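Encoded as structure tokens, the structure appears first; notes follow it.
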Amino acid sequence: MKELQETQLENVDIADFIKEQILFFLGCFFVLIIGFIGFWKYKPFKEYRVFFWAFVFTIAIFIFFKAKAYYALGLYPIVIAFGAVYTEVLLQKKWQKYLKPFAVLIPLLLFIPMYQLAFPNMSPMHIKNHPERYQKLGMLEWEDGEEHDLPQDFADMLGWEELAQKTDKALNTIGNTENTLMVCDNYGQAGAVNFYSKNKSVNVVSFNADYINWFPLEKKIETIIWVKEAQNKAETIELGKKIFKNTVVFDSIENKLAREYGTTIFILKNPKKDINALLKKWIAESKK
């Protein structure tokens with residue numbers, strides 16, 4: 001959380017965090033409330049109150065550290081489960097049983113406005129040209145505190161297929177990929193290429209997240225296809241010239257609405273140094 005605060009969370013607003021907790025499960029929010037009440041009103045739930053306090057404790061930590069709203073998503077399924085059970089108990093009595101259809105209708109009716117806004121069912125250009133309702137809900141403000149053309153989650157996903165297609169083309173120029181390594185700047189890029197790529201001869205890794213444990217260092221690396229974020233382009237060219245005889249700027253993400261716009265694909269060939277040894281050193285430093 002400390003590292004995230006320094007790199008991603010400095011612009012997180014507590015009021016937005018709380019608001020989004022309600023919006024995430026708007027359709028079954030009443031079930032959540034009933035679940036919380038059930039921990040104290042329904043006798044069979046008494047021995048499970050630890051789940052209530054675990055929820056409160058974890059939410060308090062997230063609020064204190066200004067966490068992103070979606071960090072809390074994993075807390076809710078257990079409360080929804082308890083709420084569903086207690087809702088069923090409550091709707092067995094007398095006149096309350098006539099409320100059962102409403103328990104089904106409420107999520108369905110609330111889904112309609114959610115579908116219009118919270119789901120990426122409009123094209124990127126449509127959202128860009130009709131931003132008003134997205135702005136009202138604060139959906140265009142990213143973690144950098146600035147407003148952009150698209151919601152951040154949507155912009156994150158754009159460019160993934162384009163990146164995979166272009167890395168496939170880069171691999172095709174190499175021929176034999178036995179001694180080729182493909183490295184991405186972050187886990188999003190690595191996951192996207194591994195998922196969308198048609199060429200499965202090279203598994204993509206990264207120094208980011210747990211991909212750092214997957215480097216295939218048992219074989220000698222002679223060529224690296226390196227996917228670098230736009231701001232790291234000049235640094236990569238300089239590094240490539242020091243370590244490789246050939247540094248090629250192959251292609252880049254051209255979708256201007258993508259968060260990955262400008263992300264560049266490099267082909268580094270004919271190493272001047274022992275690449276495997278260098279990679280082991282960089283992995284150790286990154287883990288440290």
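Considering only region 245-257, I want to know if a residue exists there that is among the charged types (D, E, K, R) and closer than 28 Å to E3 by Cα. Step through it out loud before you land on a result.
In the first step, residues of region 245-257 are kept if they are among the charged types (D, E, K, R); the result is 245, 251, 254, 256.
This time we only want the ones that are closer than 28 Å to E3 by Cα, so: none.
Checked region 245-257: no residue is among the charged types (D, E, K, R) and closer than 28 Å to E3 by Cα.
Quick check: anything in region 169-182 touching a helix residue (DSSP H, G or I) at 6+ places or on another chain (Cβ under 7 Å) and in a helix (DSSP H, G or I)? First the steps, then the outcome.
From region 169-182, those touching a helix residue (DSSP H, G or I) at 6+ places or on another chain (Cβ under 7 Å) are 177, 180, 182; that's our starting set.
Pick out the ones that are also in a helix (DSSP H, G or I) and you get none.
Among the residues of region 169-182, not one is touching a helix residue (DSSP H, G or I) at 6+ places or on another chain (Cβ under 7 Å) and in a helix (DSSP H, G or I), which makes the answer no.
Does K97 satisfy being over 19 Å from L26 (Cα atoms) and not acidic (D, E)? Yes; evaluated as a whole, the condition is true for this residue.
Okay, residues lined up against (1) among the hydroxyl-bearing types (S, T, Y); (2) in contact with an Asp or Glu (Cβ under 7 Å, 6 or more places away or on another chain); (3) closer than 24 Å to A69 by Cα; (4) assigned by TED's automatic domain parsing to the domain that holds Y70:
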{"position": "K100", "(1), (2), (3), (4)": "no, no, no, yes"}
{"position": "A103", "(1), (2), (3), (4)": "no, no, no, yes"}
{"position": "L108", "(1), (2), (3), (4)": "no, no, yes, yes"}
{"position": "E147", "(1), (2), (3), (4)": "no, yes, yes, no"}
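Taking region 187-237 only, how many residues are among the small types (G, A, S), within 20 Å of I275 (Cα to Cα) and assigned to a loop (DSSP other than H, G, I, E, B)? Counting residues in region 187-237 that are among the small types (G, A, S), within 20 Å of I275 (Cα to Cα) and assigned to a loop (DSSP other than H, G, I, E, B) gives 1.
Give the residue that is surrounded by the fewest Cβ atoms within 10 Å (Cβ to Cβ), with candidates limited to residues of region 66-103 that are part of a loop (DSSP other than H, G, I, E, B) and within 18 Å of the chain's Cα centre (by Cα). Filtering region 66-103 for residues that are part of a loop (DSSP other than H, G, I, E, B) and within 18 Å of the chain's Cα centre (by Cα), the one surrounded by the fewest Cβ atoms within 10 Å (Cβ to Cβ) comes out as K68.
L163 satisfies every condition listed in (1) in a helix (DSSP H, G or I); (2) more than 22 Å from I22 (Cα to Cα); (3) not assigned by TED's automatic domain parsing to the domain that holds V248 except (3). Name the pairs: first residue in region 204-231 and of a type in the set (G, A, S), second residue buried (at least 20 other Cβ atoms within 10 Å of the Cβ) and assigned to a strand (DSSP E or B), Cβ to Cβ under 6 Å, at least 6 apart or on different chains? As it stands, the answer is S206/C184, since those pairs meet every condition given. Among the residues in region 201-214, are any in contact with a helix residue (DSSP H, G or I) (Cβ under 8 Å, 6 or more places away or on another chain), surrounded by fewer than 16 Cβ atoms within 10 Å (Cβ to Cβ) and within 17 Å of W160 (Cα to Cα)? Yes, there is a match, as at least one residue in region 201-214 is in contact with a helix residue (DSSP H, G or I) (Cβ under 8 Å, 6 or more places away or on another chain), surrounded by fewer than 16 Cβ atoms within 10 Å (Cβ to Cβ) and within 17 Å of W160 (Cα to Cα).
Which members of region 52-72 meet the condition of being touching a Phe, Trp or Tyr at 6+ places or on another chain (Cβ under 7 Å) and at pLDDT 95 or above? Across region 52-72, the qualifying residue is only F52.
Looking at T180, T173, just one residue is surrounded by 14 or more Cβ atoms within 10 Å (Cβ to Cβ) and over 30 Å from I14 (Cβ atoms), and that residue is T180.
Does K169 satisfy the condition of being over 15 Å from Y261 (Cα atoms) and in contact (Cβ under 8 Å) with a residue 60 or more places away in the chain? Judged against the criteria, K169 is a match.
Within region 37-50, track down each residue that is surrounded by 17 or more Cβ atoms within 10 Å (Cβ to Cβ) and among the aromatic types (F, W, Y). Answer for region 37-50, where residues must be surrounded by 17 or more Cβ atoms within 10 Å (Cβ to Cβ) and among the aromatic types (F, W, Y): F39, Y42, F45.
The values are calculated or read from the model by the stated rules, or taken from the named source; none is laboratory data. All figures in this text were calculated on a predicted structure; none of them were measured in a lab. Note that each Cβ is placed from the backbone with ideal geometry, even for glycine, and that neighbours are counted across all protein chains shown.
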